[in-house]
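Working notes, beginning with the structure itself.
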Amino acid sequence: MAHILDRPERLSSAENEYEEPSPTEATLAATIDLDRRSSAEVLAAIHAEDRRAVDAVGAVMPALVRAVEVLADVLAGGGRWFNIGAGTSGRMGCLDAAEIPPTFGFAPDRIEGLIAGGPAAMLRAREGAEDDAESARTALRTRELGPLDAVVALSASGRTPYAVAGLEVAYQVGARRIAITCDPDSPLARTAEIAIAPDTGPEVIAGSTRMKGGLAQKMVLHSLSTAVMVRLGRVEGNRMTHLRPGSRKLWQRALALLQELAGADEATARDALERSYGDVAEALAMLRTLQQAERAANRR
């Protein structure tokens, strides 16, 4: 069943949406003399504006809650979650998607980041790629985006053609549509089913949305993905019971977690982790089953 909720006021790839500048492009009067300030004063100004990003994210919690519910339902129903964006926004979307599998043991093909310009744009800026709306359409169609899936489009200005096109494709196939932007009146927000739009205002350096605009998007992303994983049972208490111990540090963390949650000694925890081939959740279940069997035997 297609998840088509409120029809957007206008579906547009934003090629002609530059008549009205985004609030993120405005000039911040408080830092108009930034080039004449001392290093300490420059840093103080940046820090003061960063605090605004924190408050702005706090003000959009209702939209974040709705997005968590939608994404948890999508993943629980076998669907996929795509973060899509360009530049700083695209890099953060890819980063958050990449960190979910090792942190929460979720299959990497279920949560994926797409960035304008492709993987090479993660390491070197490809500014013109953000205008290539067709590449976003192609990327999602190649992955056979469908009504069980969700697209989370990121753009600080809300006018990036690549990001807007991603939501257009989602609308066309009935996938869920979530926008993360700093302009609630932008084309991206209007094309979304749920718009998470923290009002961060103008940047310390005009138009440099890698600053507090990027900070706000990062906070939204890690809050969103973490809350979704908690809803899906990938956390017990506040412990990462589904982490994938792919390094020595994480292997030691997994052993400590098993000892704490299962009350096992180190040797028993290590044996369970090795027998489960590093699957922490399986090892924990194994240890608890063993404990239950031992308690049952002691009651006889």
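Some values worked out for this structure:
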{"item": "Single condition residue 39 does not satisfy, out of (1) modelled with pLDDT under 90; (2) more than 26 Å from the chain's Cα centre (by Cα)", "result": "(1)"}
{"item": "From 143, 159, residue being charged (D, E, K, R) and either within 23 Å of residue 183 (Cα to Cα) or within 14 Å of the chain's Cα centre (by Cα) (or both)", "result": "159"}
{"item": "Hey, residue 262 surrounded by fewer than 22 Cβ atoms within 10 Å (Cβ to Cβ) and either under 30 Å from residue 37 (Cα atoms) or basic (Lys, Arg) (or both) or not", "result": "no"}
{"item": "Residue within region 183-196 that is in a helix (DSSP H, G or I), free of Cβ contacts under 8 Å to residues at least 40 places away in the same chain and closer than 14 Å to residue 60 by Cα present", "result": "yes"}
{"item": "Number of the exception - residue 156 against (1) surrounded by fewer than 22 Cβ atoms within 10 Å (Cβ to Cβ); (2) at pLDDT below 95; (3) under 25 Å from residue 22 (Cα atoms)", "result": "(1)"}
{"item": "Yes/no for residue 269 being in a helix (DSSP H, G or I) and either under 21 Å from residue 107 (Cβ atoms) or free of Cβ contacts under 8 Å to residues at least 12 places away in the same chain (or both)", "result": "no"}
{"item": "Residues within region 213-249 that are touching a residue at least 12 places away in the same chain (Cβ under 8 Å) and in a helix (DSSP H, G or I), tallied", "result": "17"}
{"item": "Residues (touching a residue at least 12 places away in the same chain (Cβ under 8 Å), under 21 Å from residue 94 (Cα atoms) and out of contact with any Cys (no Cβ under 9 Å at 6 or more places or on another chain)) located in region 201-212", "result": "210, 211"}
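The values are calculated or read from the model by the stated rules, or taken from the named source; none is laboratory data. Note that the structure is a prediction, hence the values are computed from the model and not measured. Cβ atoms come from the backbone with ideal geometry, glycine included; neighbour counts cover every protein chain shown.
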